[in-house]
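Asker: Once you've had a glance at the structure underneath, I'll fire off some questions.
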């Protein structure tokens, strides 16, 4: 059997009784045009192992394989999907490997793959999407050469936001420390089964050259959490929590980072927060 000969996803869902489980934030994307569009954002996958989190009945999985992925490694914690994914593997010529596990607990670099090039493409479960992104951004060393991720649209906007945008905050800064990112396209709620209450969106992340990355994400997370925890306050007032953790006054940290104490967090470019994180780290040591 080939991938083209597999039954439609709606038939697979009915045959195996794969109704979406709200506990896992499951919403199935059955539109083959959309799954193919997402898969193509990965670029050349011929000699790449592509990780996928939460493949469900295998819609995006099929697209990745059909668009030429050398190997797909699907991480799925809901064992109901394993028989359907086994059928996809057989139809793909055994190019699909399925790992039954919680993606938050998986150490991707330790997984044996067919190819050295590694990417990740996923329609992320709504309830863990942000946490998974933070996990991959914190990977040391960065093991992925591209992330193609679908989030709730609101989360995607936070990932790509720029200073002054309403959505600008910690997530954009942490992402910008490690990767370049672009908003690919919006996926309307009606495209899913069952439809969620909000639209989704796909973003593409490529790691920055190693010399250009800001690697102290612990310090960066601390100062941004403090700064954006009280958005309406000036940095002088909002940095109290971070300052208390390193033993330096907010004014001292801001002076070291050459930032205006009267400025608000949403106006500061990522580079300003990188400088602030360096100052925090230096004071803590």
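The values are calculated or read from the model by the stated rules, or taken from the named source; none is laboratory data. What you are looking at is a predicted structure, and each value in this text was computed from that prediction instead of being measured. Cβ coordinates were reconstructed from backbone atoms using ideal geometry, including for glycine residues, and neighbour counts include every protein chain displayed.
Asker: Failed condition for residue 159, given (1) within 18 Å of residue 184 (Cβ to Cβ); (2) in a strand (DSSP E or B), with all others met?
Answerer: (2)
Asker: Restricting attention to segment 111-148, which residues are farther than 13 Å from residue 75 by Cβ and more than 15 Å from the chain's Cα centre (by Cα)?
Answerer: Correct list: 112, 114, 115, 116, 117, 140, 141.
Asker: Of the residues 112, 145, which is out of contact with any helix residue (DSSP H, G or I) (no Cβ under 9 Å at 6 or more places or on another chain) and without any contact (Cβ under 8 Å) to a residue 40 or more places away in the chain?
Answerer: 112
Asker: For segment 250-279, give me each residue that is out of contact with any helix residue (DSSP H, G or I) (no Cβ under 6 Å at 6 or more places or on another chain) and surrounded by fewer than 16 Cβ atoms within 10 Å (Cβ to Cβ).
Answerer: Selection gives 251, 252, 255, 258, 260, 262, 267, 269, 271.
Asker: Separate question: Within the bounds of segment 32-39, is there any residue that is in the same structural domain as residue 206 (by TED's automatic domain parsing), loosely packed, with under 12 Cβ neighbours inside 10 Å and out of contact with any strand residue (DSSP E or B) (no Cβ under 7 Å at 6 or more places or on another chain)?
Answerer: yes
Asker: On to the next question. Among (1) closer than 30 Å to residue 239 by Cβ; (2) assigned to a loop (DSSP other than H, G, I, E, B), there is one condition residue 175 misses while meeting the rest; what is its number?
Answerer: Just one mismatch for residue 175, condition (2).
Asker: Residues being surrounded by 13 or more Cβ atoms within 10 Å (Cβ to Cβ) and either closer than 15 Å to residue 121 by Cβ or in contact with a helix residue (DSSP H, G or I) (Cβ under 7 Å, 6 or more places away or on another chain) (or both): count how many of those fall in segment 1-31.
Answerer: The number of residues fulfilling the criteria is 10.
Asker: Mind checking which residues of segment 77-86 are out of contact with any strand residue (DSSP E or B) (no Cβ under 8 Å at 6 or more places or on another chain) and either surrounded by 18 or more Cβ atoms within 10 Å (Cβ to Cβ) or in a loop (DSSP other than H, G, I, E, B) (or both)?
Answerer: Result: 78, 81, 84.
Asker: For a quick check of your reading of the model, give me the residue pairs whose first member lies in segment 70-98 and is without any contact (Cβ under 8 Å) to a residue 12 or more places away in the chain, whose second is buried (at least 21 other Cβ atoms within 10 Å of the Cβ), with beta-carbon atoms closer than 6 Å and at least 6 apart or on different chains.
Answerer: Correct list of pairs: 89/96.
Asker: May I pose another question? Could you give every pair whose Cβ atoms fall below 7 Å, whose first residue belongs to segment 228-241 and is in the same structural domain as residue 268 (by TED's automatic domain parsing) and closer than 14 Å to residue 276 by Cα, and whose second residue is at pLDDT below 95 and part of a loop (DSSP other than H, G, I, E, B), counting only separations of at least 6 or pairs across chains?
Answerer: From residues that are in the same structural domain as residue 268 (by TED's automatic domain parsing) and closer than 14 Å to residue 276 by Cα, the pairs are 238/229; 238/230; 241/229.
Asker: Name the one entry in 121, 131 that is assigned to a helix (DSSP H, G or I), in the same structural domain as residue 63 (by TED's automatic domain parsing) and either surrounded by fewer than 22 Cβ atoms within 10 Å (Cβ to Cβ) or touching a residue at least 60 places away in the same chain (Cβ under 8 Å) (or both).
Answerer: Just one listed residue meets the conditions, 131.
Asker: Then there is this: If you check 184, 167, which single one turns out to be crowded, with 16+ Cβ neighbours inside 10 Å and free of Cβ contacts under 8 Å to residues at least 40 places away in the same chain?
Answerer: None of the others qualify; the one that does is 167.
Asker: Scanning segment 51-76 for residues that are touching a helix residue (DSSP H, G or I) at 6+ places or on another chain (Cβ under 8 Å) and part of a loop (DSSP other than H, G, I, E, B), which turns out farthest from residue 3 (Cα to Cα)?
Answerer: In this case the residue turns out to be 54.
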